[in-house]
Protein chains: 2
Amino acid sequence: MNKIILLLIAVFGLTLSASSQAQTAVTDSSRFAAYWWHSKDMYDHLPDIRNEIIFLGNSITDGAEWFELLGNKKCLNRGISADITEGILLRLDAVTKLQPKKLFIMIGVNDLSRGMTPDEVIVNYRKILDRIRTESPRTRVYVQSVLPVNPATGMAKNHTNKTPQIMELNGKLKELAAEYGNTYIDLFSLMADSENYLPRSFSVDGLHLTYKAYKTWADAIKPYVK
Amino acid sequence: MNKIILLLIAVFGLTLSASSQAQTAVTDSSRFAAYWWHSKDMYDHLPDIRNEIIFLGNSITDGAEWFELLGNKKCLNRGISADITEGILLRLDAVTKLQPKKLFIMIGVNDLSRGMTPDEVIVNYRKILDRIRTESPRTRVYVQSVLPVNPATGMAKNHTNKTPQIMELNGKLKELAAEYGNTYIDLFSLMADSENYLPRSFSVDGLHLTYKAYKTWADAIKPYVK
């Protein structure tokens, strides 16, 4: 396993260093790679508990204790901080092999932060939805919008300046979900203020979430989780 | 709440920038602070499920899905990446107010990475154990050793060069646990190779853990979790 992992780290590391607009958390690609691979390795090996409800995504998904937040022991966290659509594709088999009952996905803001266009993100997103449909056809998929951000914090600058791209991506995600017969959940509208920004009570850095924000999110998806 | 959080971020940020040997993940103190505060905010507000088994610590605790790993829905993750003994003290009330049934703690390697001596870590550790004994006297506490590291990866250098300090700290933690009537769990000896290093199959970066390492850890503590 070690050789494969080291080879994949090298490949993934190159992918990262090829990104010209790497965000702060990603500039130390070896650290990112280690966390990504450690998390992937765990997700590859955890036992199958049947009828899982999977939360798949990046740091925003990673940051919640979903089963505690939703009071549902079938809710499993499959987020990895700093992940991108390409990362989801590289580790998707660990999710589809479970044949989960439901899958809530949120991904894309890190792709945008690295300079990918919404259309480029959609190309990968389509691959993700194709793979899920093929590999786990009975899984009900919920495509969650990318969340609003807030540049006023001065933090996570390559993310929090992407409001126009996020809104464009969300429009395309809504269409994509309809095309695949998946449910689209518009968390952006639910969580944005009148200027389309993430309110300060929802985030310290304008990107990641406080409990209040997670509670708003959890309450919005509860009808689908049940 | 916002003003308090922002004030505390300022205070905590100063604490971080005062550290002369800050590790890579901590040099961006604003990012660390945001993740720390977001996590603390979540842990402060998640519902009390009674008879919790708490896993308290830094990234090494944070990195596992404990309830999946141990097959026990009472096991709750209260790890925060990059956390230190001082951070544990700042957020300990969110743990003790639950009056958990059991508490597995692992903390200290980030303190050492920043240049604190084992004796300085023990001063804070003693405060942690005092607070738990006072605030949640019926909680059974398990003091877990700091894990071995491996400098051969060339990653996380301020951590992976601390083998002598880790071994010294563990000796003192064993004494401290005995003094407090707590159970000491020597994971270091269980997981270190003959040179006292973390085996490569247990870690990509010489500090954080693969599934194989977490499984070894989980199997070792299972008798205490039950």
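The values are calculated or read from the model by the stated rules, or taken from the named source; none is laboratory data. This one's a predicted model, so the numbers in the text were calculated from it and none came from an experiment. Quick reminder, even Gly has a Cβ in these numbers, built from the backbone with ideal geometry, and neighbours come from all protein chains shown.
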For this session: With the condition kept exactly as written, say whether any residue in region B:165-185 is in a loop (DSSP other than H, G, I, E, B), in contact (Cβ under 8 Å) with a residue 40 or more places away in the chain, touching a helix residue (DSSP H, G or I) at 6+ places or on another chain (Cβ under 6 Å) and not β-branched (Val, Ile, Thr).
Result: no
Exercise. Does residue A:98 meet the test of being surrounded by 19 or more Cβ atoms within 10 Å (Cβ to Cβ), farther than 20 Å from residue A:137 by Cα and in contact (Cβ under 8 Å) with a residue 40 or more places away in the chain?
Worked result: no
Exercise. Could you say which residue among A:80, A:88, A:105, A:84 is hydrophobic (A, V, I, L, M, F, W, C), surrounded by 21 or more Cβ atoms within 10 Å (Cβ to Cβ) and either within 13 Å of chain B (Cβ to nearest Cβ) or over 11 Å from the mean Cα position of the chain (by Cα) (or both)?
Worked result: A:80
Seminar exercise, completed: Expected single match for hydroxyl-bearing (Ser, Thr, Tyr) and either buried (at least 23 other Cβ atoms within 10 Å of the Cβ) or in contact with a strand residue (DSSP E or B) (Cβ under 9 Å, 6 or more places away or on another chain) (or both) among B:197, B:184 is B:184
Exercise. Can you tell me which residue in region B:120-149 is surrounded by the most Cβ atoms within 10 Å (Cβ to Cβ), limited to those that are in a strand (DSSP E or B) and in contact with a helix residue (DSSP H, G or I) (Cβ under 7 Å, 6 or more places away or on another chain)?
Worked result: B:144
Exercise. Which condition number does residue A:220 fail, the rest of (1) assigned to a helix (DSSP H, G or I); (2) crowded, with 21+ Cβ neighbours inside 10 Å; (3) more than 12 Å from chain B (Cβ to nearest Cβ) being met?
Worked result: (2)
Exercise. Between residues in region A:208-226 that are farther than 17 Å from residue A:146 by Cα and residues that are assigned to a helix (DSSP H, G or I) and hydrophobic (A, V, I, L, M, F, W, C), which pairs lie under 6 Å by C-beta distance while being six or more apart or on different chains?
Worked result: A:211/B:42; A:225/A:70
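This table checks each residue for (1) within 22 Å of residue A:37 (Cβ to Cβ); (2) not hydroxyl-bearing (Ser, Thr, Tyr).
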site: A:69; (1), (2): no, yes
site: A:84; (1), (2): yes, yes
site: A:109; (1), (2): yes, yes
site: A:113; (1), (2): yes, no
site: A:128; (1), (2): yes, yes
Exercise. For region A:150-172, what are the residues that are buried (at least 21 other Cβ atoms within 10 Å of the Cβ) and either over 25 Å from residue A:102 (Cβ atoms) or touching a strand residue (DSSP E or B) at 6+ places or on another chain (Cβ under 8 Å) (or both)?
Worked result: A:150, A:155, A:156, A:159, A:160, A:162
Exercise. Scanning for something out of contact with any Lys or Arg (no Cβ under 9 Å at 6 or more places or on another chain), within 14 Å of chain B (Cβ to nearest Cβ) and charged (D, E, K, R), does region A:194-210 turn up at least one residue?
Worked result: yes
Exercise. Does region B:171-189 contain any residue that is within 14 Å of chain A (Cβ to nearest Cβ), more than 26 Å from residue B:94 (Cα to Cα) and at pLDDT 95 or above?
Worked result: no
Exercise. Inside region A:50-72, can you point out the residues that are modelled with pLDDT under 95 and within 8 Å of chain B (Cβ to nearest Cβ)?
Worked result: none
